[in-house]
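Here's the structure we're looking at; comments come further down.
Values quoted throughout were computed directly from the atomic coordinates according to the rules given, and no laboratory measurement underlies them. A quick note: this is a predicted structure, and the numbers were derived from the prediction, not measured.
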Amino acid sequence: MALSQSAGAERRCLDTYQRTAGERGDSSMARTRGAHRAARDRAALAINAADFTAAECESMVQAVCRLLNDLRFAELFLPGSRAEVPIVGRLPGANGTITVSGQVDRLVVAEDAVLLADYKTNRPAPRRMEDVPEPYVAQLALYRAVLGQLYPEKAVRAALVWTDVPDLMEMPAARLDAALTRVTCA
């Protein structure tokens, strides 16, 4: 099995879960029903990953379940959180307007803040903030700037979710601001 195929299948499995989790109102209590969710994930994976062996599918389901059962990610799956949210906006740039278009993997709009998260399936995943590829930081910076226009009264936080580890790596505002400056001044 090719590594990129496995990562893609894991991603589709996670996407299948996330499309229903936040919208359906899964909370930490519902998230503890691991056997039920794992069975659902296996069924979703069977549909999306027919080219994989049973062992490969089981490995992918376990990776997704590790991420979903990790309390560091609970905020991303609270009731009202959203999956695969299209984002489109315009930002001022040094050479004119910059159009931003993409898809936020997870979006949480809370009373006082907005959290956006983007899944990354790199193997191995970076373990240190300074090892995160700059295009990933730039992507988060652009999404954060657009969401900042939509929610000017809220702090907008941005994070990467490394599915391989799993790890939630929230980008510091200063790094995002610097990345946005590089992109908009280019």
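From the P(r) of the range 82-185, could you give the percentage of C-alpha pairs in the tail past 17 Å?
When all Cα pairs of the range 82-185 are counted, 51 percent exceed 17 Å.
Counting DSSP beta bridges with both partners in the range 82-185, what percentage is antiparallel, nearest 5? Don't jump to the answer; show the numbers that get you there.
Values: 19 of 27 bridges.
Counting DSSP beta bridges with both partners in the range 82-185, the antiparallel share is about 70 percent.
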